[in-house]
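What follows is one structure encoded as structure tokens, with my remarks underneath.
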Amino acid sequence: MADQVGASIASTLLTGLSGTSPQCLLDHLATQIASGDIEAAAMVGGESYRSRRRARRMGVDFRRDVDESLPPAEKYAGLLPMATDHEMSRGVVAPGVFYPVVETAIRHSRRESVSEHRQRVGELWSRFNAVAVENPHAAVRTPMTPDEITTPIDGNRMVATPYTRAMMANNSVDQASAVLILSVARAEALGIPGTLDFPSGGNTCGGPAVTQCALGPASVPRGQNRWPPGPCPCRSRSRRRRSPGSLRVFPGVSTGVLDRVGYRP
């Protein structure tokens, strides 16, 4: 891909397999741009689990496009431990086991009854569903009401209370995505139109969430990134969403996504 866009000196990082590795890599690339080490980065990823399962069932060898003439990619953020020894000894490892425990703890802390909790999470999941229904690339686009999502019936069995099958992650998909990250100077040099978006928070693998203005005035490298005068836009945007001093950080989740699904802590 680098050769096709004329980036012959580009280097490649390869993440390990985990649900948080894209978040960690995005934070790493944004930090490198903020420090002036690089000007641009393309983060790409995909999975073909659905096709691989079908190929195994059909006894078909799936194609592997590997250019063995290329140097091996540098490995970044290997396998992330998903459970402690204490959790593993009690079988609290798989997401389908761990998250229901956390969900129940949240219900207890909010002093909700089982029915009140089920109604609240059903309404939240129904907003996720509404986004998927409008997305032509979504794996499941069937409209569902909150009750249809949370009520165990044929085709929607209870997996682990309070999660029914409709509330569980669907990993049998063929999907891919890409994010292009540029410094302000490079974006302006390429004539990219419209309002620029800046990362206002990040998280590293195993580390605590931090808020930062990753490309703000304090991080302008060698005078190359030109920042508009005035306060940092990402911080002022955060203050408009919440009162000063009460901003919560959700690693890897933008406030725009939270607003779209109507999340209210």
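General observations
- When the residues of region 29-41 are filtered to those that are of a type in the set (Gly, Ala, Ser) and surrounded by 16 or more Cβ atoms within 10 Å (Cβ to Cβ), the one that is nearest to the chain's Cα centre (by Cα) is ALA30.
- You will find that of PRO22, PRO72, the residue that is within 15 Å of the chain's Cα centre (by Cα) and either farther than 26 Å from SER200 by Cα or not assigned by TED's automatic domain parsing to the domain that holds ALA139 (or both) is PRO22 and no other.
- Among (1) under 22 Å from GLN175 (Cβ atoms); (2) of a type in the set (S, T, N, Q); (3) surrounded by fewer than 16 Cβ atoms within 10 Å (Cβ to Cβ), the one test that ASN129 misses: (3)
- The condition of being β-branched (Val, Ile, Thr), surrounded by 17 or more Cβ atoms within 10 Å (Cβ to Cβ), outside any loop (DSSP other than H, G, I, E, B) and in contact with a Gly (Cβ under 7 Å, 6 or more places away or on another chain) holds for only one of ILE181, ILE149, that being ILE149.
- Any chance PRO199 is out of contact with any Lys or Arg (no Cβ under 7 Å at 6 or more places or on another chain), surrounded by 17 or more Cβ atoms within 10 Å (Cβ to Cβ), over 30 Å from GLY96 (Cα atoms) and not polar (S, T, N, Q): yes
One line per residue, one yes/no per condition, for (1) in contact (Cβ under 8 Å) with a residue 24 or more places away in the chain; (2) part of a loop (DSSP other than H, G, I, E, B); (3) of a type in the set (Gly, Ala, Ser):
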position: GLN4; (1), (2), (3): no, yes, no
position: ALA10; (1), (2), (3): no, yes, yes
position: GLN23; (1), (2), (3): yes, no, no
position: LEU29; (1), (2), (3): yes, no, no
position: ALA42; (1), (2), (3): yes, no, yes
position: SER51; (1), (2), (3): yes, no, yes
position: ARG54; (1), (2), (3): no, no, no
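The values are calculated or read from the model by the stated rules, or taken from the named source; none is laboratory data. In this text, all values refer to a predicted model and were calculated from it rather than measured experimentally. Methodologically, a virtual Cβ is constructed for each residue, glycine included, from the backbone with ideal geometry; neighbour enumeration extends over all protein chains shown.
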